[in-house]
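Everything below concerns the one structure shown next.
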Amino acid sequence: MGFPRKPVKPRTPLGEAALYQYAVRALGRQMRTEVELRRLMTARAEQGELGQAAVRTAIARLKEHGYLDDRAFAETYARLRQENEKLGARRVRQDLQRKGIRSELINETVEARYGGASDERLANEEKLAREHLDKKRIRKPENEKETARVMRRLVAAGFSTGTIYKILRQWNVAEESLVALEQLDAEHEAEHEAGHESGTNEE
C-alpha cells in the first residue's frame, strides 16, 4: 500500500527584485532570448498587471546591465551551430525564429554568418554540407533508399535542395533516383506551402 503524496505547496510569486535574481541565475545556466526569459519569469511572477510590470522592469534591468542581449544571443547561436554542428542557414534561421528573435535581426545575423552574395553563399553552403556529412560519418549512398535518407538528413540540417542535388550528382547517384527525389521534394514543398497558407488564413 502506497503512502499518500504530500500536497504540492504553491510557489510564492516573485517580486521584481527576486525575478531579476531568478533571471540572472537562469541566464548563468543557459543562454536565453528575451522571449524565452520573459516566459520563464511570467510563470514565477504574480498574475495580472502587477506581475507583468515586475517582469518588464526586471527585463529592462537585465538589458541595462548587459545580461540580456538578443543580438549577441543570435550571433553566438549562429556561430556555434555553424562551426560546431555544421548546420545550414535555413536550419539556423528556423531555430532562431522558434526562439523568438525578430525577423530583421535573424536576417542580419544569418547574412553575416553565411554570406550575403549568392555565389559566395552557395559555395560556402556546399563546403559546409560536406563538412556536415563528414561530421555525421555519412557516406556515399548505395541505393535509392540510402539516397533518400541522405537527402532527408541534409534537409533537416538546413541545406538547400540545390546544394543537396549537386553533392548527390557529384557522388554519381543514379539519375532515376534523383528524379524520384525531385518529385518527392516538389510534393513536400507543395504540402508545406498549403500548410503555411492554411495557417495564415486561420489567423
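No value in this document is a laboratory result; all are computed from the given coordinates. In this text, all values refer to a predicted model and were calculated from it rather than measured experimentally. Please note: Cβ atoms are built from the backbone with ideal geometry, for glycine as well, and neighbour counts cover all protein chains shown.
Applying D = kT/(6 pi eta Rh) to region 43-91, where Rh is the Kirkwood radius over alpha-carbon pairs, T corresponds to 25 °C and eta to 0.890 mPa s, the Stokes-Einstein value obtained is 187 µm²/s.
Approximating the spin labels as points 7 Å out from Cα along Cα→Cβ, the Leu80-to-Arg137 distance works out to 2.5 nm. Amide H contacts under 5 Å for Ala45: Leu14, restricted to partners 5 or more places along the chain or on a different chain, H placed in the peptide plane at 1.01 Å from N.
If r is the Cβ-Cβ distance from Lys145 to Lys166 and R0 is 22 Å, what FRET efficiency results, to the nearest 0.05?
Given R0 = 22 Å and the Cβ-Cβ separation, E is 0.60.
Quick check: the distance between the Cα centres of region 6-84 and region 109-178, to the nearest angstrom? Each part's Cα centre sits 37 Å from the other's. Stretching the chain fully between Arg29 and Thr57 yields a gain of 7.9 nm (0.36 nm per residue, less the alpha carbon separation). Enclosing the Cα atoms of region 16-68 in their convex hull gives a volume equal to 63 cubic angstrom per residue. Convex hull of alpha carbon positions in region 1-157: directionally averaged projected area 15.7 nm².
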